[in-house]
């Protein structure tokens with residue numbers, strides 16, 4: 001079974017960890033190949049080092065070395081370098097990187113500087129975290145540098161700041177006018193991305209941010225068409241419970257792009273390719289008429305443990321399996 | 001009093017620390033301005049980060065944060081990043097950088113990447129370590145990237161390796177055919193370097209490696225001429241005791257360039273500008289005939305403590321003061 005997932009950071013990583021757990025407990029690991037297409041719009045150059053927050057969160061989570069409390073970064077982390085960088089007056093000071101985490105960024109930047117594409121760098125990092133042994137291939141959505149910027153208005157002046165500055169430094173508390181994704185229009189999908197969607201048996205959309213994570217991946221030229229064209233059922237997990245994200249600021253992001261912060265609103269963003277949609281048990285979304293929207297499954301969606309995430313992933317695969325029969329061999333026009 | 005010193009790493013740094021101690025105890029600090037011209041031929045790019053070992057050793061030593069046992073690197077250092085870099089398979093693995101030390105290299109590389117010249121980067125690092133307050137200006141010999149390579153023969157094959165690989169990885173135990181300094185011929189002296197030599201009241205040559213430290217600085221176009229032309233007395237401290245360096249491999253370096261490993265041999269390398277020469281009490285060097293070589297002073301040269309180094313620096317200044325009267329206002333032809 002070829003499973004392809006589009007993923008952002010913490011939510012995506014936890015869902016994927018659940019997926020692997022589900023595959024292991026159902027003894028499907030041997031037969032499953034999981035390809036993850038990761039968002040790189042959050043990427044940022046800090047202290048001259050290239051940081052890929054979403055890819056790293058997936059690597060650390062699947063590698064068993066993520067800081068569980070934070071959801072990102074390394075467990076058992078120290079901050080000796082960051083303290084010294086602050087003493088040197090290095091900027092920015094609103095983004096602190098742990099020592100072990102920094103090694104990832106140093107290594108990645110070294111290889112990128114030697115002309116190694118991000119996808120090849122990511123493959124080397126994936127080796128470090130045992131992803132191949134777990135049957136997982138992690139692909140960045142593109143090898144091109146892409147950066148999500150946020151147009152904000154401060155003191156009457158409009159300016160664009162990096163997504164991380166808006167998200168991390170300001171906690172998304174500055175009104176965003178819109179998102180501008182530098183480099184996205186001309187970003188070629190990384191090798192294997194379109195094939196992984198086209199040739200999948202199942203495509204999954206984890207409960208990642210629909211605007212600044214999955215939405216960015218969808219903007220890579222060719223990705224949306226591949227999703228519309230794939231024979232695989234596309235099943236998503238709503239990132240909203242009661243109209244609010246469990247963590248992060250998906251509600252603010254949706255508002256910024258003029259979409260209601262609801263499971264129905266998010267499903268609307270995926271309307272042209274979404275076959276199945278998992279929503280929280282008491283979600284307000286109405287069942288679409290057959291053929292006019294995704295098949296809904298209502299169930300608990302809080303990933304309160306690895307097992308809870310595994311159960312959600314299992315439910316998504318189960319729905320996909322039902323839909324696969326329906327979808328038959330036909331691709332959409 | 002304007003004191004200008006040419007310096008390599010550990011030996012140079014310890015001498016300079018002694019010099020500052022001497023100036024402080026003789027209450028000459030207020031009137032003294034010390035300009036240090038540091039060797040950058042040892043510089044190397046490791047893990048994509050620009051490392052300047054000699055400049056950093058001077059910064060850490062004068063800043064009171066050097067690892068006394070090693071003579072280089074930071075005290076109270078940890079190695080979390082290096083451990084993780086090794087786990088990632090990052091190369092080279094023969095050069096381990098501590099966490100605090102890495103912050104220096106990250107910061108420097110960030111600024112260099114932004115187009116800030118090395119001299120300006122070094123000035124910012126010097127601020128961190130309080131050098132301006134101590135009356136010290138640290139200048140790299142040049143802003144151009146210069147790297148000392150060593151031509152070695154292994155298994156019958158001749159190849160050039162970076163100086164650090166020869167020195168650190170191989171402990172200078174592979175026969176060196178010669179040194180090749182990439183970029184030196186066209187390296188302009190950093191702003192202030194020639195002026196610091198020309199306008200000095202005293203020029204000092206600390207007991208640094210005469211071939212791969214001071215010898216490299218002397219190869220920067222204009223530096224040697226400035227030394228020949230300065231009105232200041234030039235006083236050096238022999239790096240050899242009993243024909244052997246106290247640490248490092250100056251004897252092997254001298255042998256490589258075909259010069260006897262002796263205080264006389266080293267003085268010969270400086271013959272065209274050296275006015276005074278401190279050698280160890282029982283040094284075998286013969287007193288040159290007046291006018292045909294430097295004025296010799298014999299005294300203990302082991303920098304076994306800060307005070308011992310201060311006494312040596314005091315002796316060098318004292319000799320310079322005698323020579324200044326002799327040298328008068330005349331510059332050499």
State, as an integer percentage, the relative contact order of chain B based on alpha-carbon contacts under 8 Å between residues 6 or more apart.
-> 20 percent
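What ranking of A:272, A:30 emerges when the number of other C-beta atoms within 10 Å of each C-beta is taken as an exposure proxy, fewest first?
Placing the least packed residue first, the sequence is A:30, A:272.
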When you have a sec, figure out the Kirkwood radius of the stretch A:1-158 from all distinct Cα pair distances and drop it here in Å to one decimal?
-> 16.7 Å
Given the convex hull over the Cα atoms of the stretch A:226-309, what projected area results after averaging over all orientations, in nm²?
-> 6.2 nm²
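Determine how many Å³ per residue the convex hull of the Cα atoms of the stretch A:171-296 encloses.
Output value, Cα hull per residue: 112 Å³.
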Just the number, please: percent antiparallel of the DSSP beta bridges in the protein assembly as shown, rounded to the nearest 5.
-> 45 percent
Hey, for residue B:291 with labels 7 Å out along Cα-Cβ, what do the inter-copy distances come to in nm, ordered shortest first?
-> 11.5
Going by how many other beta carbons lie within 10 Å of each one, how would you line up A:327, B:100, fewest first?
-> A:327, B:100
The Kirkwood hydrodynamic radius of the protein assembly as shown, taken as the inverse of the mean 1/r over all distinct Cα pairs, in Å, comes to 28.3 Å
Near-label residues of the stretch A:247-270 by backbone N, under 13 Å of a point 7 Å along Cα→Cβ of residue A:178 | A:256-258
How many percent of the alpha carbon pairs in chain B exceed a separation of 35 Å?
-> 17 percent
How much of the DSSP beta bridge set in the stretch B:193-327 is antiparallel, as a percent to the nearest 5?
-> 15 percent
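Where does each of B:197-205, B:17-25, B:146-154, A:300-308 land if you order them by average Cβ count within 10 Å, highest first?
Descending mean neighbour count gives B:197-205, B:17-25, B:146-154, A:300-308.
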Square roots of five times the Cα gyration tensor eigenvalues for the stretch B:95-202, Å | 30, 19, 14
Cβ-vector label at 7 Å, residue A:145, separations to other copies in nm = 1.6
Can you tell me which of A:241-254, A:36-49 comes out highest on packing, and rank the rest after it, using the mean Cβ neighbours within 10 Å?
-> A:36-49, A:241-254
Peptide-level mean, for A:84-96, of C-beta atoms on other protein chains within 10 Å = 4
Beta bridge orientation in chain A: antiparallel %, DSSP, nearest 5 | 45 percent
Over 15 Å [Cα-Cα, the stretch A:56-148], rounded percent | 66 percent
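Report, as an integer, the average count of C-beta atoms from other chains found within 10 Å of each Cβ along B:48-57.
2
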Can you list the equivalent-ellipsoid semi-axes of the stretch B:168-239, largest first and in whole Å, using the square root of 5 times each Cα gyration tensor eigenvalue?
-> 26, 16, 9
Averaged over A:264-271, number of beta-carbon atoms from partner chains that fall within 10 Å = 0
Output ordering of A:85-93, A:213-221, B:232-240, A:260-268 (per-residue mean of other Cβ within 10 Å, highest first) is B:232-240, A:213-221, A:260-268, A:85-93
Shortest-first nm distances, residue A:1 label point to equivalent points in other copies (7 Å, Cα→Cβ) = 8.2
When the Debye formula is applied to the Cα atoms of the stretch A:46-86, each taken as the same point scatterer, what base-10 log of I(q)/I(0) results at q = 0.15, 0.21, 0.24, 0.33 Å⁻¹?
-> -0.41, -0.75, -0.88, -1.04
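Computed from the coordinates by the stated procedures, all read-outs in this text should not be read as laboratory data. Note that the structure is predicted; figures quoted are calculated from it, not measured. Methodologically, a virtual Cβ is constructed for each residue, glycine included, from the backbone with ideal geometry; neighbour enumeration extends over all protein chains shown.
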